[in-house]
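> Let me give you the structure first, and then I'll get to my questions.
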Amino acid sequence: MERKLLGEMTWEEAETALKECEVVIIPTGSHEQHGKALPICTDWLTADAIGKRLADKVGSHVVILPSCPFGYCDYHSDFAGTLSLSEETLTAFYSDILNYVLRYGVKKVLFANSHGANSGAIKTVAHKLRAKNILVTAVTWWDAAVAANPDWGLIGHADINETSLVMAIRPELVRPEKLQDPTPGKLTDGITIKNLYQISYKGCNVTAGLRTRDCTDFGCMLEVGFEGSAEVANASVLHSSAERGQGMIEAVTDYLADFAEELKKVDLFEVRFPEEQYYL
């Protein structure tokens, strides 16, 4: 049996797997507050569950790295327990880890991302590695979920979807008596909050850099702007279920497995100009 999870291989198995590898997958999450009802490890739990399920779904010549537990989430740190890397450290972390697998000749990388703010570091790494003829891609779970079912569109932080995921993965970690729906935030009566980076005043969108505590005093917040059906806005966290969570995990892992196969077909032009300045 071809092993997929790098952490479960011996070094001899890893050497063979990496030399034959066409796509390496990195599940990545974070440890941050998720309201009063969900555990701090919610994003990591999701990334880890997706990574382990991918081991049964991906095709040949795919290697799945151990899930990364930490990400960039400083803006949550006004709530106790949040553990954040700086974006610079996270970029260096991804770069260092990839340097140990790309030396075997792997040319394609897929981040299975479970925390939105990791995207900045991933994009930085992706641009640098493209100059070295390596393609880095990233799929965030809620984008894949809503592509499979518009009713799974993300409503906000610690919403029905994240709660359902934890119910499916580690139900004993959900505190059902403390479930609360994300609520709209305001800076003033006239300035409404759409998400951490966008506010609205008199019908005009305004860019702003906010912290989670600006938006909510209990940790759950709406994040207007994510894709989804009209029904999503009315989906209460009280309707969360393990069945919904399991359905999302299966759909997301199916998508990632299919995408990894499609990545194998990509044939990029070779970058030929001096690349020393782009070294990670």
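The values are calculated or read from the model by the stated rules, or taken from the named source; none is laboratory data. It should be emphasised that the depicted structure is a prediction, and the values quoted were computed from it without experimental measurement. Note: ideal-geometry Cβ built from the backbone for every residue, glycine included; neighbour counts use all protein chains shown.
> Of the conditions (1) more than 21 Å from A260 (Cβ to Cβ); (2) hydrophobic (A, V, I, L, M, F, W, C); (3) in a strand (DSSP E or B), A117 satisfies every one except a single condition; which number is it?
For A117, the failing item is (3).
> Further, regarding this structure: Consider only pairs whose beta carbons are under 8 Å apart and that are at least six residues apart or on different chains; among these, list those whose first residue lies in region 125-149 and is among the small types (G, A, S) and whose second residue is modelled with pLDDT under 95 and part of a helix (DSSP H, G or I).
A131/Y278; A145/W152; A145/N161
> Just checking, does region 83-104 include any residue being more than 16 Å from the chain's Cα centre (by Cα), within 15 Å of G29 (Cα to Cα) and either part of a loop (DSSP other than H, G, I, E, B) or of a type in the set (G, A, S) (or both)?
Yes, region 83-104 contains a residue that is more than 16 Å from the chain's Cα centre (by Cα), within 15 Å of G29 (Cα to Cα) and either part of a loop (DSSP other than H, G, I, E, B) or of a type in the set (G, A, S) (or both).
> Please go through region 188-215 and pick out each residue that is more than 12 Å from Y75 (Cα to Cα) and either assigned to a loop (DSSP other than H, G, I, E, B) or of a type in the set (A, V, I, L, M, F, W, C) (or both).
Matches in region 188-215: T188, D189, G190, I191, I193, I199, K202, G203, C204, V206, A208.
> Are there any pairs with C-beta distances below 7 angstrom linking a residue in region 246-257 that is surrounded by fewer than 23 Cβ atoms within 10 Å (Cβ to Cβ) to a residue that is assigned to a helix (DSSP H, G or I) and among the acidic types (D, E), with the two at least 6 apart or on different chains, and if so which?
From region 246-257, no pairs qualify.
> I need a count of the residues in region 126-152 that are assigned to a helix (DSSP H, G or I) and in contact with a strand residue (DSSP E or B) (Cβ under 6 Å, 6 or more places away or on another chain).
2
> Give the residues of region 37-68 that are over 15 Å from A138 (Cβ atoms), assigned to a loop (DSSP other than H, G, I, E, B) and within 11 Å of the chain's Cα centre (by Cα), sorted by residue number.
Residues satisfying the conditions do not exist here.
> Okay, next question. Looking at S30 and the list (1) within 16 Å of I169 (Cβ to Cβ); (2) of a type outside the set (A, V, I, L, M, F, W, C); (3) surrounded by fewer than 24 Cβ atoms within 10 Å (Cβ to Cβ), which single condition is not satisfied?
(3)
> Next up: Within region 143-168, can you find the residues that are under 17 Å from L256 (Cα atoms), surrounded by fewer than 24 Cβ atoms within 10 Å (Cβ to Cβ) and of a type in the set (A, V, I, L, M, F, W, C)?
Within region 143-168, A144, V146, A147, A148 meet the criteria.
> Next question, about the same structure. Does A112 meet the test of being of a type in the set (A, V, I, L, M, F, W, C) and surrounded by fewer than 17 Cβ atoms within 10 Å (Cβ to Cβ)?
Criteria not met by A112.
> Additional query: Quick check on this structure: which one of K123, K186, K178 is surrounded by fewer than 16 Cβ atoms within 10 Å (Cβ to Cβ) and within 21 Å of the chain's Cα centre (by Cα)?
After ruling out the rest, the residue left standing is K123.
> Restricting to region 44-90, name every residue that is over 19 Å from E250 (Cβ atoms) and of a type in the set (D, E).
D74, D78, E87, E88
> Every residue in region 73-95 that is farther than 16 Å from C41 by Cβ and either among the hydrophobic types (A, V, I, L, M, F, W, C) or in contact (Cβ under 8 Å) with a residue 12 or more places away in the chain (or both), please.
D74, Y75, D78, S86, E87, L90, T91, A92, F93, Y94, S95 - these are the residues of region 73-95 that are farther than 16 Å from C41 by Cβ and either among the hydrophobic types (A, V, I, L, M, F, W, C) or in contact (Cβ under 8 Å) with a residue 12 or more places away in the chain (or both).
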